[in-house]
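Some notes on the structure that comes next.
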Amino acid sequence: MKQFTGRVFLFGDDVDTDAIIPARYLNNSDLEHLKKHCMEDADQEFPNKVQVGDIIVAGKNFGCGSSREHAPIAINASGVSCVIAESFARIFYRNAINIGLPILEVSLKGKVKDGDLVTVNLDNGTVEIKGEVLKAQAFPPELMAIIEAGGLVSYVKKEIEAGEKHV
Amino acid sequence: MGLNLAEKILASHSGKETVRPDQFVMAKVDLVLGNDITSPVAIKEFRRLGAKHVFNKDKIALICDHFTPNKDIQAAEQVKMIRQFAREQEITHFYDVGEMGIEHCLIPEKGLAGPGDLVIGADSHTCTYGALGAFATGVGSTDMAAAMALGKAWFRVPHTQRFNYQGQLKPYVTGKDLIIYTIGQIGVDGARYQAMEFGGEVIENLSVEGRLTMANMAIEAGAKAGLFASDDKTVEYLQKAGRKVEKLYPDLDASYYKIYNWDVSKLEPQIAFPHLPENARSVRETKGIKLDQVVVGSCTNGRIEDLRQAAEVLKGRKVNKNLRMIVIPGTQKIYLQAIAEGLIQTFIEAGAAVSTPTCGPCLGGHMGILASGERSLSTTNRNFVGRMGHPNSEVYLAGPYVAAASAVAGEIVHPEEVLS
């Protein structure tokens, strides 16, 4: 069962991709480089404070702005186990699923503060905070297929290996 | 029930008679686009897929524009990787220094997007081509990689919001003002996961350039696409690019998630205040905002009409001593046209710097980065924290008339204040 507990880093509404990974660092897509600057323009100390297993909690429209996949990649590389937001911007949502960064769409407004512990169960899409269990928006089956394959690359790889085209 | 533009295009590309909102479709794409930031990641993923060849070398566009001409060694390494991939795969539409332009100015100019096309691009402003009647949407690098290999991508059919603009626009009010106003009305997530369809008599009278500016910023309302029906102007614009097209319209009985009808006759030029494009205000309510920099350019406002508007204001005037002005034509063709029309001379005589095409300062890449505490007015599309440089700098968004007038005044002003 995919269940884990992590420490919360709380952010507000409309966290944009320039805050997640500023464009000035996009001249290099190495994980170590992106990790060093993750969330820097929203919280300068984030790259130093974040630990493996921590959880980002945010308001509406998380990841708005650019299509840069460097944004979910930077969060993933930082060791963040899951991003929970009231809602996600479309391209970020798609990118997170494609690269296998766990995301859950549910509002935790007023329920958590920085440093709180929350328990996430990815199998049934629930978040537990201080005994209260909240259910996240379910993924449609088409997306579940990509998530279960571990991301778009593994999903498409199967298709290519099946000899459908060009190999 | 009829179909709107987004539904028509997604249906035709997935071999279906009809599609409904929220339905998942696997659709064939007509063009897959990447830039110098997103393509290197996509190329790595393409290799991880185990793909050997792209699905069609004529249907992929790789455009080096963000940090190009390369600003540092790391950016140069990224472009080197794209260059090698483009040669190996014999990519037809690979545009490097000398030929390149800002991707969303270059693709329309070359006629690579048109009515009924389905385009995905690893750049959020790919939605620009909706102005030409294409369903065009931004995706990430992994989606780009998969589409380069397979020639198709999955889509959830979006709900569509329809925006009808009626009336007569006041002088100096442009497509930029319409879209900033619209985002101000519905918010930066007002069309999240949805398509926006623009129409009404104001849109019929608007130039293709103005429509490209509007479609470009659909993403700033969270939209998946921003679409326009095609008309004679669309056909003529693409004819110049050597492409003959059929017009595409939404059905009269198409269904919409929501319909807005706005009379915009009284609309004043708009300014989006920091740090979100939804912070729209009339320039008339904007007093005493001193500027350190003015930028005219980008995929939003780097086309010939934009340069003409800026030059109209700057002709015979000087850029204020207290600020820097940077003008960036969107493509080499636009640059040449601006030279032929004397616009570049006007800019240089006014004291503005003119750059070769690049995204440059729009995303804080190069060519005009802000220091701490500095403030820029820009014809670009985003004013997020740190977007143009230091996290303590500020970006205000506006159209080219307001930008040029403000460059002369040294603070944000209505163009009338400079021209009268």
Item checked: Top-ranked residue of region A:91-110 - restricted to ones that are out of contact with any strand residue (DSSP E or B) (no Cβ under 6 Å at 6 or more places or on another chain) and either among the small types (Gly, Ala, Ser) or assigned to a loop (DSSP other than H, G, I, E, B) (or both), ranked as farthest from the other protein chains (Cβ to nearest Cβ) -> A:GLY110
Notebook entry, point to check: Applying the selection to region A:131-167, what residues are without any contact (Cβ under 8 Å) to a residue 12 or more places away in the chain, away from chain B (no Cβ under 11 Å) and assigned to a loop (DSSP other than H, G, I, E, B)?
Noted result: A:GLY131, A:ALA162, A:GLY163
Next item on the list: List the strands (runs of 3 or more DSSP E) that sit entirely inside region B:24-70 and contain at least 1 residues that are surrounded by fewer than 18 Cβ atoms within 10 Å (Cβ to Cβ).
Entry: B:24-28
Next item on the list: Being closer than 21 Å to B:TYR260 by Cα and more than 8 Å from chain A (Cβ to nearest Cβ) narrows it down to one of B:PHE163, B:PHE155, so name that one.
Entry: B:PHE163
Next item on the list: Collect the residues in region A:56-70 that are more than 14 Å from chain B (Cβ to nearest Cβ) and under 25 Å from B:SER141 (Cβ atoms), keeping them in residue-number order.
Entry: A:ILE56
Notebook entry, point to check: Only one of these conditions is not met by A:ILE56: (1) part of a loop (DSSP other than H, G, I, E, B); (2) within 24 Å of B:GLY222 (Cβ to Cβ); (3) not polar (S, T, N, Q). Which number is it?
Noted result: (1)
Margin query: Could you go through region B:379-389 and let me know if any residue there is of a type in the set (Gly, Ala, Ser), outside the structural domain of B:VAL173 (by TED's automatic domain parsing) and not in a strand (DSSP E or B).
Written below: yes
Next item on the list: Determine whether B:GLY114 is in a loop (DSSP other than H, G, I, E, B), in contact (Cβ under 8 Å) with a residue 40 or more places away in the chain, away from chain A (no Cβ under 13 Å) and within 17 Å of the chain's Cα centre (by Cα).
Entry: yes
Next item on the list: Among the candidates A:GLY12, A:GLY6, A:GLY53, single out the residue that is within 25 Å of B:MET388 (Cα to Cα), away from chain B (no Cβ under 11 Å) and touching a Gly at 6+ places or on another chain (Cβ under 6 Å).
Entry: A:GLY12
Notebook entry, point to check: So which of A:VAL57, A:VAL52 ends up being β-branched (Val, Ile, Thr) and out of contact with any Leu (no Cβ under 6 Å at 6 or more places or on another chain)?
Noted result: A:VAL52
Notebook entry, point to check: In this structure, is B:GLU305 within 18 Å of the chain's Cα centre (by Cα), in a loop (DSSP other than H, G, I, E, B), surrounded by fewer than 22 Cβ atoms within 10 Å (Cβ to Cβ) and touching a residue at least 12 places away in the same chain (Cβ under 8 Å)?
Noted result: no
Notebook entry, point to check: Got a number for residues in region A:1-40 being over 24 Å from A:VAL127 (Cα atoms), among the acidic types (Asp, Glu) and surrounded by fewer than 22 Cβ atoms within 10 Å (Cβ to Cβ)?
Noted result: 3
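The values are calculated or read from the model by the stated rules, or taken from the named source; none is laboratory data. Keep in mind that this is a model prediction, so the values were computed, not measured. All Cβ positions, glycine included, derive from the backbone under ideal geometry; neighbour counts span all protein chains shown.
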